[in-house]
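Computed from the coordinates by the stated procedures, all read-outs in this text should not be read as laboratory data. Fair warning: this is a prediction, and the values are worked out from it, not measured in the lab. Neighbour counts are summed over all protein chains in view; Cβ atoms, including those assigned to glycine, are modelled from backbone coordinates with ideal geometry.
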Amino acid sequence: MLTTPPLSLYVHLPWCVRKCPYCDFNSHEGRGALPFAAYVDALLADLDHDLPLVWGRTVQTVFFGGGTPSLFPPEAIDRFLQAASARLRFAPGCEITLETNPGTAEHGRFELYRAAGVNRLSFGIQSFDDGCLKRLGRIHDSGEAEAAVKLAQDAGYDNFNLDLMYALPEQTLAMAERDLERAFALQPTHVSHYQLTLEPNTVFAARPPQGIPDDDGAWDMQEHCQALLAAHGYAQYEVSAYARPDRRCAHNVNYWRYGDYLGIGAGAHGKITLGAEQTVLRRWKIKHPTQYLVHAGSAQAIGGDDRIEPARRPFEFMLNALRLVDGFALADFEARTGLDRAAIAAPLATAVAEGWLEHDGQRVRPTDLGRRYTNNVVSLFLDD
């Protein structure tokens with residue numbers, strides 16, 4: 001039997017100042033005055049439309065992603081959160097994260113986000129090297145990045161993430177190390193540290209920049225930086241996520257544990273367990289903000305619905321759960337897929353034989369080798 005997992009709320013705010021050449025997210029360069037009030041109205045209409053999927057359930061986390069959510073004024077975030085919490089039960093101490101671009105930080109703004117209920121920030125720093133930032137097409141420099149974090153700290157934020165990338169154009173191992181040292185000086189509670197990849201349909205994919213480190217160089221950076229993060233008290237708990245004790249991102253952990261989430265906003269994706277139907281629904285919204293503003297709250301705003309049949313659930317589950325260093329409990333696999341653990345016995349045995357996974361009869365964990373070959377491991381669980 002499928003058991004209803006924890007529920008999160010993802011809110012997509014699609015505009016940014018300038019589209020970065022490596023970005024494959026649903027983000028759109030803002031031109032002229034942005035329709036903040038109208039977009040909040042659309043979000044609430046969208047939420048009302050999806051509410052029947054989650055009647056009576058409690059929201060454990062909220063995440064504002066983008067785009068650049070910090071383009072939205074605090075009063076717009078406040079209005080949305082007040083209206084959403086009147087429609088859905090928010091758990092006490094609900095983690096509420098806002099993604100923030102240092103280039104949009106203003107004095108006094110963080111105090112107002114905090115007053116609105118945002119209790120966690122995620123800064124898209126990417127690098128503290130001005131040359132790297134310029135090559136990445138970022139709108140901020142290293143000084144603005146540090147100033148933005150300090151403004152947030154002055155506003156009372158003590159729980160925040162810094163996004164950093166490595167294997168950047170013309171980046172050396174020493175430069176990647178310096179990025180982390182400057183991050184440590186700001187005392188974040190969480191660091192997301194991930195490799196630059198050339199995603200399809202991006203400027204970088206069409207015109208790759210010069211000087212990207214080769215695979216060996218990228219691997220050297222990864223190993224060296226992982227050791228540095230550990231030495232400074234940041235424990236790796238996911239492929240690219242490192243946290244101080246008790247400061248893991250609860251929202252993302254819910255994704256990786258195959259939890260549920262409502263996705264509202266242009267291009268937002270959601271995943272909901274429908275207990276009465278004993279199925280898993282994936283729903284996504286139309287991508288373009290202009291069309292979304294017109295259709296939000298109606299069936300026309302739905303880009304698609306996909307019911308995940310039992311045969312596909314092992315792959316979906318593993319695609320998420322095997323990103324976690326601690327892996328997963330077999331009991332959770334059964335509860336969140338509605339399948340007996342016998343359904344994965346054969347591929348699990350193969351992965352153990354290859355040295356990619358280990359399990360003690362209760363939990364399954366990726367080995368160090370398995371974490372290097374995650375795609376190979378996950379592919380074992382594909383439905384033939």
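Observations on the structure shown:
- Cα-derived Rg to Rh of region 72-211, Kirkwood definition: 1.03
- Length released on extending from residue 214 to residue 312, taking residue separation times 0.36 nm less the Cα-Cα span: 31.8 nm
- Summing Lys and Arg as +1 and Asp and Glu as -1 over all other residues whose Cβ lies under 11 Å from the Cβ of residue 28 gives a net charge of +3.
- Positive-end residue, the chain charge dipole about Cα centroid, Cβ charges, pick of 27, 233, 174: 27
- FRET efficiency, 1/(1 + (r/R0)^6) with R0 51 Å, evaluated for residue 38 and residue 365 via beta carbons: 0.60
- Segment residue 376-residue 115, extension gain: residue separation times 0.36 nm, minus the distance between their alpha carbons: 89.4 nm
- Were the residues from residue 173 through residue 197 laid out at 0.36 nm apart, the gain over their Cα-Cα distance would be 6.9 nm.
- Only lysines eight or more places from residue 19 in sequence, or on another chain, were considered; those with a Cα closer than 17 Å are 134, 287.
- For region 182-195, 3J(HN,Hα) per residue [Karplus equation, 6.51 cos²θ - 1.76 cosθ + 1.60, θ = phi - 60°, Hz, x = Gly/Pro]: 5, 5, 4, 4, 8, 6, x, 8, 8, 10, 9, 10, 9, 7
- Using a Förster distance of 25 Å, the FRET efficiency for residue 302-residue 329 (Cβ separation, nearest 0.05): 0.15
- Of all DSSP-defined beta bridges confined to the chain, some 40% are antiparallel rather than parallel.
- Summed over qualifying helices (DSSP H, 4 residues or more, each -39500 (n - 2.57)) and divided by its residue number, the chain shows a 222 nm mean residue ellipticity of -10500 deg cm²/dmol.
- Protection-proxy order for peptides 85-91, 38-44, 219-225, each taking the mean of Cβ atoms within 10 Å per residue, highest first: 38-44, 219-225, 85-91
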